[in-house]
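The values are calculated or read from the model by the stated rules, or taken from the named source; none is laboratory data. Note that the structure is a prediction, hence the values are computed from the model and not measured. Glycine gets a Cβ as well: all are built from the backbone with ideal geometry, and neighbour counts include every protein chain shown. Please note that ligands, DNA and RNA were not included when accessible areas were found on the heavy atoms of the full protein model with its side chains. Shrake-Rupley method; radii C 1.70, N 1.55, O 1.52, S 1.80 Å.
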Amino acid sequence: MTKIGIVILGFCSLAIFLPWVCSGLTKEEIWSETYCQGKEKVTKLHFYLQDLIRGPNKTVYTVAKSELTDSLPSQFGRLLVLDNLITAGPEPDSKKVGRMQGIVGLSNLHELSLAMLLNVVFTEGKYDGSTLSILGRNPLTEKVREVSIVGGTGVFRMARGYVITSTHSFDGSLGVYEYTVFVSHLEDGAS
């Protein structure tokens, strides 16, 4: 490359990056101003949630309940925190994918239904370190349920979508739930 070509390339680079450097914007602020330039894609994920509600290694704990909780079959008013294992298959010893952490409350006076505020934290593979945020109603008496995805981080920054979930098995102490996730997010590298 000639000296003139190098000088022109240098000036072009300055013209592109100088406004950001001079503005004092952080990396996150620059991203937020340019994220619309990325293309969106839909990713389908499939995994199982291991919900240990009894035993010495349980992963779900009641932290509050109402005066009605123990008298209603719906357990209305029970508030639980959880840190459940997510696996690739329904068996508890299948490949670990991540954790589901958050809060659920039994919020229906008449039927067993959860109000969920959960984070899927990926700990393996290409999504390692990324998260998805789930928010919504999960009526446990229905065979198939749909819950919304309202955000995410890492690969799933600016995510939106939905989860289809169903009960795979329940033995009184371990509930295994199947999750199929459809999430819209920016393509890899766009952020």
Rounded to the nearest 10 Å², the accessible area of residue 148 at probe 1.4 Å: 50 Å²
Rounded accessible area of residue 185 (nearest 10 Å², 1.4 Å probe): 0 Å²
Cα centroid of segment 50-117 to Cα centroid of segment 131-191, whole Å: 15 Å
Three principal axis lengths of segment 54-115 [C-alpha, angstrom, descending]: 40, 22, 18
Label-to-label distance, nm, for residues given as residue 123 and residue 66 (7 Å Cα→Cβ offset): 3.4 nm
Calculated FRET efficiency for the pair residue 146/residue 54, C-beta based, R₀ 35 Å, to 0.05: 0.80
